[in-house]
Amino acid sequence: MSESAPQRPSGRGRFITFEGGEGTGKSTQIKKLADRLTAAKLRIRVTREPGGSPGAEIMRHLVLSGMGKLLGPEAETLLFAAARDDHVRTVIQPALSQGVWVLCDRFADSTRAYQGSLGQVPDGLINAMQRVTIGDLKPDLTIILDLPVEIGLQRAAARRGSGTPDRFEAEKLSFHQGLREAYRKIAAEDPARCVLIDANSDPDTVAARIWTALRERLLPTPASVVSV
Ligand code: Z5A
């Protein structure tokens, strides 16, 4: 199958974010989608949060080491916000304005789910930080990978091997169950932007579900995708 590149009159790239709990397959699926969009002759930038820019990668090290947890949920939220601010200004916005499609492994919904719903940081602080860091920038599409938490944690543990779980992987099962619910709520509250994808299948089947959602939402013109 070959796909021709969809044309955007504005020339601006599209912003696609991937969200979900531990081990749901975000990195695996971003790679598959990037390969497919690259084959369609689109320019793609794959990035991640926390991190994605040199400054934000330093913040990533801080939060995943558990340092943020010691400071408390509000301060940890500020660390994620500082990382996002740098990432958006130096990587995401410049890429989008050059017509590059940006695929981002986690974004603002992660703050809403992890720090907001699970960390009980008030909406007021989450919203204020969102205004400061991303302003009007909204993903064109957010793929939320949904999976029973036991399966996601098993996948994450198998990948980690004998390594130590990070600050979030080490949380209790009830934390991960709450996380899954928080993501399902985000998807239900913003159906125009978010699509909940059943991630409990082999990687190619999940990729096909994601591709169908992307075609329906971002490539609506039949002529823009040609199958041979
Ligand atoms: N965080 C936050 O609290 N607030 C914020 O604002 C932001 C983030 C932005 C970043 O972790 C942490 O920061 C994150 C939330 C918090 N919590 N944690 N931990 P990270 O970047 O290090 O990791 P992650 O984003 O959580 O990714 P992950 O859960 O570790 O993995 P994944 O990307 O979803 O899955 P994967 O690497 O693609 O796959 C995992 C394994 O499963 C791997 O061995 C695959 O080969 C396998 N796999 C993948 N798909 C399948 C299928 N379909 N079947 C079977 N096996 C599969």
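The values are calculated or read from the model by the stated rules, or taken from the named source; none is laboratory data. Note that the structure is a prediction, hence the values are computed from the model and not measured. Positions of Cβ are generated from backbone atoms using ideal geometry, with glycine treated the same way; all protein chains shown enter the neighbour counts. In case anyone asks, the SASA skips ligands and DNA or RNA and just uses the protein heavy atoms, side chains included. Shrake-Rupley method; radii C 1.70, N 1.55, O 1.52, S 1.80 Å.
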Just need a number here: residues in segment 25-51 that are closer than 19 Å to Gly99 by Cα, open to solvent by less than 20 Å² (accessible area, probe 1.4 Å) and either touching a Cys at 6+ places or on another chain (Cβ under 9 Å) or assigned to a helix (DSSP H, G or I) (or both). 5
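Per-residue answers, yes or no, for (1) modelled with pLDDT of 95 or more; (2) more than 12 Å from Thr24 (Cα to Cα); (3) within 11 Å of the ligand (Cβ to nearest atom):
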position: Ile134; (1), (2), (3): yes, yes, no
position: Gly161; (1), (2), (3): no, yes, yes
position: Ala170; (1), (2), (3): no, yes, yes
position: Lys185; (1), (2), (3): yes, yes, no
position: Ala192; (1), (2), (3): yes, yes, no
position: Val206; (1), (2), (3): yes, no, yes
position: Val226; (1), (2), (3): no, yes, no
Total residues in segment 52-78, condition part of a helix (DSSP H, G or I), more than 12 Å from the ligand (Cβ to nearest atom) and free of Cβ contacts under 8 Å to residues at least 40 places away in the same chain: 7
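Tell me which residues, restricted to segment 131-154, are assigned to a loop (DSSP other than H, G, I, E, B), of a type in the set (A, V, I, L, M, F, W, C) and surrounded by fewer than 19 Cβ atoms within 10 Å (Cβ to Cβ). First the steps, then the outcome.
Taking segment 131-154 as the starting set, the residues that turn out to be assigned to a loop (DSSP other than H, G, I, E, B) are 135-140, 147-148.
This time we only want the ones that are of a type in the set (A, V, I, L, M, F, W, C), so: 137, 147.
Matches in segment 131-154: Leu137 only.
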Residue check, Gly11 against (1) at pLDDT below 95; (2) touching a Cys at 6+ places or on another chain (Cβ under 6 Å), all met but one. Which one? (2)
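Can you tell me which residue in segment 65-102 is modelled with the lowest pLDDT, limited to those that are basic (Lys, Arg) and open to solvent by 40 Å² or more (accessible area, probe 1.4 Å)?
Of all residues in segment 65-102, those basic (Lys, Arg) come to 69, 84, 89.
Remaining after also requiring open to solvent by 40 Å² or more (accessible area, probe 1.4 Å): 69, 89.
Working: Lys69: 84, Arg89: 97.
Restricting to residues being basic (Lys, Arg) and open to solvent by 40 Å² or more (accessible area, probe 1.4 Å), the top hit is Lys69.
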Show the residue pairs that are 6+ apart or on different chains and have beta-carbon atoms under 6 Å apart, the first residue being within segment 108-127 and within 25 Å of Ile92 (Cα to Cα), the second being aromatic (Phe, Trp, Tyr) and modelled with pLDDT of 95 or more. Thr111/Phe80; Ala113/Tyr183
Considering only segment 129-149, I want to know if a residue exists there that is farther than 20 Å from Val88 by Cα and polar (S, T, N, Q). no
Members of segment 163-180 found to be surrounded by 15 or more Cβ atoms within 10 Å (Cβ to Cβ) and in a helix (DSSP H, G or I), listed by number: Phe175, His176, Gly178, Leu179, Arg180
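Looking at the structure I just gave you, is Glu22 touching a residue at least 12 places away in the same chain (Cβ under 8 Å), open to solvent by 20 Å² or more (accessible area, probe 1.4 Å), in a loop (DSSP other than H, G, I, E, B) and touching a helix residue (DSSP H, G or I) at 6+ places or on another chain (Cβ under 9 Å)? Steps first, please.
On the way: touching a residue at least 12 places away in the same chain (Cβ under 8 Å): yes; open to solvent by 20 Å² or more (accessible area, probe 1.4 Å): yes; in a loop (DSSP other than H, G, I, E, B): yes; touching a helix residue (DSSP H, G or I) at 6+ places or on another chain (Cβ under 9 Å): yes.
Spelling it out, Glu22 is indeed touching a residue at least 12 places away in the same chain (Cβ under 8 Å), open to solvent by 20 Å² or more (accessible area, probe 1.4 Å), in a loop (DSSP other than H, G, I, E, B) and touching a helix residue (DSSP H, G or I) at 6+ places or on another chain (Cβ under 9 Å).
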Hits in segment 191-202 (condition: under 17 Å from the mean Cα position of the chain (by Cα) and in contact (Cβ under 8 Å) with a residue 12 or more places away in the chain): Arg193, Cys194, Val195, Leu196, Ile197, Asp198, Ala199
So Ile143, is it within 14 Å of the ligand (Cβ to nearest atom), modelled with pLDDT of 95 or more and in contact with a Phe, Trp or Tyr (Cβ under 9 Å, 6 or more places away or on another chain): yes
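Filter segment 79-126 down to the residues that are in a strand (DSSP E or B) and of a type in the set (D, E, K, R) and list them by number. Explain how you work it out, then say what you get.
Step one: of segment 79-126, the residues in a strand (DSSP E or B) are 101-105.
Correct list: Asp105 only.
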